Each structure stands twice: as structure tokens, then as C-alpha cells.
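The values are calculated or read from the model by the stated rules, or taken from the named source; none is laboratory data. Keep in mind that this is a model prediction, so the values were computed, not measured. Glycine also receives a Cβ, built like all others from the backbone with ideal geometry; neighbour counts cover every protein chain displayed. Each accessible area value is taken on the protein alone, full model and side chains, heavy atoms only, with ligands, DNA and RNA left out. Shrake-Rupley method; radii C 1.70, N 1.55, O 1.52, S 1.80 Å.
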Amino acid sequence: MPRPFYRLRIPGRELNLGERTLVMGVLNVTPDSFSDGGLYLDPERAAARAREMERQGADILDIGSESTRPGSLRVSAEEELSRLLPVLERLRDLSVPLSVDTYKPGVAERAIKAGARIINFPVLSPVEEMVQVAARAGAALVIMHVRGTPETMHHLLPLKDVMGEVNGRLRELRDRAFAAGLPREALLLDPGFGFGKNGDENYVLLRRFDELHELGCPLLAGTSRKSFIGRTLDRAPGERMWGTAATVAAAILAGAHIVRVHDVPEMAQVARVTDGILAAGAKSQAQRLQP
Ligand code: HH2
């Protein structure tokens, strides 16, 4: 199935989704993120890393200042903002749009005022409150599926039908987001790899990712360096690039519009080549269907 085209509305511009895969570079301004925790707590270093990822081909940068990995500690909105705002202030001149990874509407509101155009929302708080913040400011919203909370997601029982659960819950969240006033062209959906899913369930989600197109929204995939890759390869987070490459290619072939990654230049190459494969598939299918 060809990847559907969408336009994503963000303040001041629109992003074309589907012509080529967009690469979202990850920047965690936290002491405890699972892969880059502690590296960019200093705002100068964080800003330098953001500029580096922009030069390396990132189309969007996603800044997080509270880890939501299983077992991570919750931080107050004040603490989150004290990490985030000095970085956003230093990046006002960046040409790629900034996304902020938060589940707190108050943090999202301040972040948008400081220049963020996309809110990347792991659904750990009511969707309606986040929608109101995003819709008021004309920002786009990524709704990411989370099962359980960072405290419980390690101990959940396996699901009988992970695809059914994720698809159904994203459908419900999508409908609630639209009912709360989010414009259709401001929403992205994400199945939330690793968030309350076990290793096998992540593989099922990836293999059947294309089924999420039924939801009628652009899709984001965040598989980068995650533990299901680590478990298969028996590798630490910094050594999971090749495994990540396989998942990025699989997600794009299944129609992901944006891939969220730590290794920007490498995954930008993976994305370009996989886009070529995807485009060739669409062309040859069209030829086959011609009478
Ligand atoms: N994964 C992480 C964080 N935010 N956002 C979206 N939309 N999709 C994801 O899959 C996703 C996400 C976890 O990765 P990371 O930011 O590297 O780690 P941590 O949560 O430990 O900061």
C-alpha cells in the first residue's frame, strides 16, 4: 500500500508528510534517559547538539526534559521547565521545527511560547487538557500510546492482541482529540514502541504497523535504540544502531511518515534508501494495475 500524503499544520508553516520520510532527532535534557541521559543537561551542550543534528539532516528536533522510560522518576513541572527553557531560548533561530516531549499541559504551554511548534505527548495525562493547549496555539500534537505508567509498564501482563489494543486506544484518543477541538491537520499518531509492550509485542506492532493507516492520520515511529532491539542483539543502547536501522526501514516500508531517532546522519541515509524502495513499489504496482 502506498504511503498516504498529509499536511501537518504547525505555527507559521505546513510540513508535507509522505513525500519523503522526515527524520526527528532526539535530544534528551535529562540525567536519566535510557540512552543519552546526562549528556546534554548543560544548555550550551544541548543547544550545540541540536545544531549538530540539524546539520546532519534532522527535519525536526524533539526535546525531552523528563524521561518516561520504565522505572524513571517523575519530576515537577518547574524542574522540567528549568531544564527545557534555557535550551529553547538558545534555539530560537533554528530553521527546523522544535517538538517538545511532555505530558504536562503547563510545560507544553510554556514551551510553545518559547518556540516549540509540536507537542510530543505520551498519554500519561488527560488528552483534552493537552489538546486545548495545542489547539489554542496552533501547535501540532503527537499522541503516543502508553500502556500503564513508567512505574508499572515493566510488570504488565502480555496482551492477547497488541495490535487491537493499540489501534483501538489510538482511535479513541484521536476521536477525543478532535472532539476537544484539535484540527485534523494538527494530529500525528504513534503506537509507542516499548511503552508497556514486551519484546515480542513490539515486533508485532512493527510488522503490522501499516494497519494503523486505518486511523486516517500521519504516523510516527520511535524504535530508536529501544530495549526490544537490545534484547535481540544483546547490546547496550549505544550499540543498537544496526538493529535500529532494520526497524527504521521496516517502519518506513509500512508507511511511517516520521522516524524519531538518536543517530541522525545514519538513519537519514537509511530513510533515503528506504524511501527509494517504497517509491519503486508504488510505481511498479501502478504499472501492474494498468490495463
Ligand atoms: N520514545 C521515547 C520518548 N519519547 N516519543 C514518541 N512520539 N515516540 C517514542 O517512541 C518515544 C517518544 C523514549 O526514548 P528516549 O527519549 O530516548 O528515552 P527517555 O524516555 O528515557 O528519555
Practice task
Test residue 43 against the criterion of being out of contact with any strand residue (DSSP E or B) (no Cβ under 9 Å at 6 or more places or on another chain) and closer than 17 Å to residue 82 by Cα, and give yes or no.
Solution key: yes
Problem - Meets criteria (surrounded by fewer than 23 Cβ atoms within 10 Å (Cβ to Cβ), of a type in the set (Gly, Ala, Ser) and in contact (Cβ under 8 Å) with a residue 60 or more places away in the chain) for residue 37 - result: no
Exercise for the section: Spot the failing condition for residue 237; the list is (1) touching a Lys or Arg at 6+ places or on another chain (Cβ under 6 Å); (2) within 13 Å of the ligand (Cβ to nearest atom); (3) free of Cβ contacts under 8 Å to residues at least 60 places away in the same chain, and only one is missed. Expected result: (3)
Exercise for the section: Could you please find all residues in segment 116-160 being modelled with pLDDT of 95 or more, more than 16 Å from the ligand (Cβ to nearest atom) and open to solvent by 50 Å² or more (accessible area, probe 1.4 Å)? Expected result: 128, 129, 132, 136
Exercise for the section: Inspect segment 241-262 for any residue being open to solvent by 20 Å² or more (accessible area, probe 1.4 Å), part of a loop (DSSP other than H, G, I, E, B) and not aromatic (Phe, Trp, Tyr) and give the result as yes or no. Expected result: no
Practice task
Please indicate, with yes or no, whether at least one residue in segment 207-223 is basic (Lys, Arg) and either within 23 Å of residue 150 (Cβ to Cβ) or near the ligand (Cβ under 10 Å from one of its atoms) (or both).
Solution key: no
Exercise for the section: Check segment 186-205 and report whether any residue there is more than 15 Å from the ligand (Cβ to nearest atom), among the aliphatic types (A, V, I, L, M) and farther than 27 Å from residue 118 by Cβ. Expected result: yes
Completion exercise
Only unsatisfied item for residue 60, checking (1) farther than 23 Å from residue 34 by Cβ; (2) touching a Pro at 6+ places or on another chain (Cβ under 8 Å), is (1)
Problem - Cross-chain or 6+ apart pairs with Cβ under 6 Å, segment 165-181 first and over 19 Å from residue 135 (Cα atoms) and open to solvent by 30 Å² or more (accessible area, probe 1.4 Å), then modelled with pLDDT of 95 or more and not in a helix (DSSP H, G or I) - result: 169/145
Exercise for the section: Read through the list (1) within 14 Å of the ligand (Cβ to nearest atom); (2) without any contact (Cβ under 8 Å) to a residue 60 or more places away in the chain; (3) open to solvent by 10 Å² or more (accessible area, probe 1.4 Å); (4) under 17 Å from residue 141 (Cα atoms), then give the number of the only condition that residue 75 fails. Expected result: (4)
